[in-house]
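Structure first, commentary second.
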Amino acid sequence: MNVNTFGKNYKLVWEDHFDGPKIDEGYWNIYEYNVPGHDERPAWRKRANCRVEDSMLIIKGTIEENGDYASGMLRSHDHIAYQYGYAEIRAKMPKGGPGIWPGFWMCRQAREGAPAAGPEIDVLEMFGDDSYLAFNLHSWWKGGHINYLDGQGYPKKATLPNGAKFSDDFHTIGYEWTPELVSFFIDGEPCCTVRIDNPVMEVFHEPIYFILSMAFGLKHVSKPDDNRTEPIEYMIDYIRLYQNEDGKMFHRNTETNEYFEVTDPYQFSEFKK
C-alpha cells in the first residue's frame, strides 16, 4: 500500500504483528458471550477460539461436542481508539461455506457527551462466500439504523482478478478515513469512496476502535454445515494504522472511564514493542 494516498503523507503509528507468545491483552479485549444461533443453539464468542500461532492471529469457527456454535472476537475498546488515518490488515479468509462470517470493522468509543447515533465502519465482511468481500457504513441509535451505501449507487463488494478467492492467499484489506472521505482498498486498489464532509455523514467523525471477529452460526447468515471437517480459520498476519497531522489516538482509563489522547500506543502493550 502506498501510504501517500490522496496526496497525504502518512506515518506508521501503531501495528500488531501478533508475534508475542499470546494475544496482547494490552491492546485487545477477548470476548466471551453467546447469542441464539440457528435452531436456538447458542452461538458463542470464546477465548479458546482465538489464538496466536506462527506470528498470526487465528480466529476459529467450531461446532462443539454439545452442538453449540463457537467463534471469536477481539476488540481494542478498552485500549486503543483513533480518529482519522489509513488502517489495514493482511489476512486470509477461511474457505467459504454456510454460516461463516469473518469481519474487520470499527465502532465508536462510548463516552460522555457523545451524539445519540454511533458509527460503524465495516472494512470487510465475508458472508460465507469467499469469492468476494463486502464493505459498508452504518449508524446506530436506540431504535434506529441507517445503511449509508444502500440505494446510493456505491459498490458494496470487491472481487479478485481471474476468479481467485480470498481463501486462496493473504491479501491486504484496508480503508482510509479523513475529515472528507472514507475509501476502501483491496491490495492497495481503491474499491469505493464515500464523501463524509456533509451534515448527513456527521456521525463518521467520532473516535472509533478496532474489531477483529468471526461470527459462526448466527441467524443473520445461513445455517452452518454440521458435517464439515475442513478447519474454519480466519488468519490475520498484522493490523497497521497510519496517520498524519489530522489523526489522533486515544486510550480509556478503565477506572475512571475517561478517554485521553496518546502519542505512544505501544506503552499499553504487554510485550512493550
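The values are calculated or read from the model by the stated rules, or taken from the named source; none is laboratory data. Predicted model only: the values in this text are computed from it and were never measured. As a convention, Cβ positions derive from the backbone with ideal geometry for all residues, glycine included, and neighbour counts pool all protein chains shown.
Data table
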read-out	value
Which numbered condition residue 146 misses (of (1) in contact with a helix residue (DSSP H, G or I) (Cβ under 9 Å, 6 or more places away or on another chain); (2) of a type outside the set (Lys, Arg); (3) closer than 14 Å to residue 122 by Cβ; (4) in contact (Cβ under 8 Å) with a residue 40 or more places away in the chain)	(4)
Residues that are under 17 Å from residue 27 (Cα atoms), charged (D, E, K, R) and at pLDDT 95 or above, drawn from the range 222-260	237, 240, 248
Strands (runs of 3 or more DSSP E) wholly inside the range 215-273 containing at least 2 residues that are more than 22 Å from the chain's Cα centre (by Cα)	258-262
Residue among 69, 86 that is at pLDDT 95 or above, in contact with a strand residue (DSSP E or B) (Cβ under 8 Å, 6 or more places away or on another chain), over 19 Å from residue 30 (Cα atoms) and crowded, with 20+ Cβ neighbours inside 10 Å	86
Qualifying residue in the range 193-200 (condition: over 28 Å from residue 30 (Cα atoms), in contact (Cβ under 8 Å) with a residue 40 or more places away in the chain and in a strand (DSSP E or B))	yes
Per-region count, the range 202-235, residues within 28 Å of residue 249 (Cα to Cα) and touching a Pro at 6+ places or on another chain (Cβ under 9 Å)	12
Tally, over the range 64-88, of residues that are touching a Lys or Arg at 6+ places or on another chain (Cβ under 8 Å) and assigned to a strand (DSSP E or B)	10
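Residue-by-condition table, conditions (1) aliphatic (A, V, I, L, M); (2) at pLDDT 95 or above; (3) within 24 Å of residue 263 (Cβ to Cβ); (4) surrounded by 20 or more Cβ atoms within 10 Å (Cβ to Cβ):
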residue	(1), (2), (3), (4)
17	no, yes, yes, no
29	no, yes, yes, no
40	no, no, no, no
47	no, yes, no, no
